[in-house]
Amino acid sequence: MTVVDPDPATGTSAVAAGMLAPATESWWDLKALADFGRRSLELWPDFASELEAATGHLVGFSPSGTLSLACTAADRRELA
């Protein structure tokens with residue numbers, strides 16, 4: 001498969017749609033999904049480096065963490 005982006009680093013690739021945040025993007029009662037997300041996040045730094053080396057293009061990977069906010073007491077309990 002070949003993916004062609006006619007206008008790189010625009011659209012959804014420049015916003016949260018490219019975010020890797022398994023802690024906030026899965027339900028913990030779906031353990032297999034949460035495990036998959038965590039493992040994917042672990043693999044991404046090496047994959048990004050390999051991709052950049054192979055293509056000569058920066059992928060913009062930035063392991064900057066995720067901020068999770070609790071708006072209610074129930075949210076606080078879930079995040080604890």
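Each value in this text was obtained by applying a stated rule to the coordinates, not by laboratory testing. Note that the coordinates shown come from a computational prediction; the quantities given were computed from them, not determined experimentally. Cβ atoms come from the backbone with ideal geometry, glycine included; neighbour counts cover every protein chain shown.
So the values come out like this:
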item	result
Debye, to nearest 20: dipole size of the stretch 22-63, +1 on Lys, Arg Cβ, -1 on Asp, Glu Cβ	100 debye
Over the stretch 30-80, volume per residue of the alpha carbon convex hull, in Å³	96 Å³
